[in-house]
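Here is the structure we will look at.
The values are calculated or read from the model by the stated rules, or taken from the named source; none is laboratory data. This structure is a prediction, so every number in the text was calculated from the model and none was measured. A quick note on method: Cβ atoms are made from the backbone with ideal geometry, for glycine too, and the neighbour counts reach across all protein chains shown.
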C-alpha cells in the first residue's frame with residue numbers, strides 16, 4: 001500500500017486518518033448522547049473526561065489531516081463525474097473539516113466557561129479558552145449540540161454519496177478510501193493503475 005495519495009487512490013496515511021476519525025466520532029457521539037442522562041457518579045465523571053479527551057484527539061487528527069492533505073493532495077474525481085457532483089463533494093469535505101474543528105472547540109469553550117479543568121487522557125492539562133461565564137456556557141453547550149447534529153447530517157450524506165457511487169454508479173469512489181482488495185470497484189468502473 002502506498003502511503004501518499006495518488007491521482008486515483010487515497011494513500012494509506014489518508015485512509016488511516018479518515019477511519020480513525022470516523023471511529024472516534026462514532027464513539028464520542030454515542031458517549032455524548034448517553035452521558036447527559038447518567039446519574040452523578042465517579043463513572044459519569046470518567047466518561048465525561050474520556051469524551052473530552054477523545055474530542056481533543058479528533059481536533060488534533062483534523063489538524064494533521066489538513067496538513068497531510070495539503071502536502072499529499074487528493075485523488076482526481078472518477079472519470080465522467082459531473083462538475084456539480086465534484087463541487088458538491090468538495091463542499092461536503094470542507095464542511096466536514098470545518099465541523100471537525102468547530103465541534104471540539106465548542107466543547108472546549110463550554111468546558112472553559114463552566115470552569116471545569118480540561119486534561120487530555122490525564123496526561124496534559126490544557127488552558128481554558130475563556131473565563132467562567134454562565135451565559136457563554138449555555139451558548140457554547142447549545143452550539144456544541146447543534147454542531148453535533150449538523151455533523152450527523154453531513155456525515156450521513158457523505159456516506160450515502162459513497163454508497164451511491166459504489167452501488168448505483170459502480171465506480172471506485174468508495175473502494176479507493178479502503179485498502180486495496182477490501183472492496184471491489186463497481187463492474188463498470190475503469191481500472192486504473194497507481
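Residues in segment 7-28 that are surrounded by 17 or more Cβ atoms within 10 Å (Cβ to Cβ) and either in contact with a strand residue (DSSP E or B) (Cβ under 6 Å, 6 or more places away or on another chain) or touching a residue at least 40 places away in the same chain (Cβ under 8 Å) (or both): 9, 10, 11, 13, 14, 15, 17, 21, 25.
Against the numbered list (1) surrounded by fewer than 17 Cβ atoms within 10 Å (Cβ to Cβ); (2) without any contact (Cβ under 8 Å) to a residue 60 or more places away in the chain, residue 48 comes up short only at (1). Of the residues examined, residue 115 is not one that is at pLDDT below 95 and either farther than 18 Å from residue 158 by Cβ or exposed (fewer than 15 other Cβ atoms within 10 Å of the Cβ) (or both). The residue of segment 147-164 that is surrounded by the fewest Cβ atoms within 10 Å (Cβ to Cβ), among those that are out of contact with any helix residue (DSSP H, G or I) (no Cβ under 9 Å at 6 or more places or on another chain) and more than 14 Å from residue 92 (Cα to Cα), is 149. Do you know which of the residues in segment 96-111 that are without any contact (Cβ under 8 Å) to a residue 40 or more places away in the chain and in contact with a helix residue (DSSP H, G or I) (Cβ under 8 Å, 6 or more places away or on another chain) is surrounded by the fewest Cβ atoms within 10 Å (Cβ to Cβ)? That would be 97.
Taking first residues from segment 114-133 that are on the phi > 0 side of the Ramachandran plot and partners that are surrounded by 12 or more Cβ atoms within 10 Å (Cβ to Cβ) and outside any loop (DSSP other than H, G, I, E, B), the Cβ contacts under 7 Å between residues at least 6 apart in sequence or on separate chains come to 121/53.
If I filter segment 106-127 for residues that are in a helix (DSSP H, G or I) and either touching a strand residue (DSSP E or B) at 6+ places or on another chain (Cβ under 6 Å) or under 19 Å from residue 23 (Cβ atoms) (or both), do I get at least one hit?
Step one: filter segment 106-127 for residues in a helix (DSSP H, G or I), giving 106-114.
Filter once more, keeping what is either touching a strand residue (DSSP E or B) at 6+ places or on another chain (Cβ under 6 Å) or under 19 Å from residue 23 (Cβ atoms) (or both): 107, 111.
Checked against the condition, which is being in a helix (DSSP H, G or I) and either touching a strand residue (DSSP E or B) at 6+ places or on another chain (Cβ under 6 Å) or under 19 Å from residue 23 (Cβ atoms) (or both), segment 106-127 yields at least one hit.
Regarding residue 71, is this residue under 30 Å from residue 49 (Cβ atoms) and out of contact with any strand residue (DSSP E or B) (no Cβ under 6 Å at 6 or more places or on another chain)? Here the answer is no, as residue 71 does not meet what is asked.
Residue under question is residue 50, and the condition is that it be at pLDDT 95 or above, outside any strand (DSSP E or B) and touching a strand residue (DSSP E or B) at 6+ places or on another chain (Cβ under 8 Å); does it hold? For residue 50, the condition - at pLDDT 95 or above, outside any strand (DSSP E or B) and touching a strand residue (DSSP E or B) at 6+ places or on another chain (Cβ under 8 Å) - is not met.
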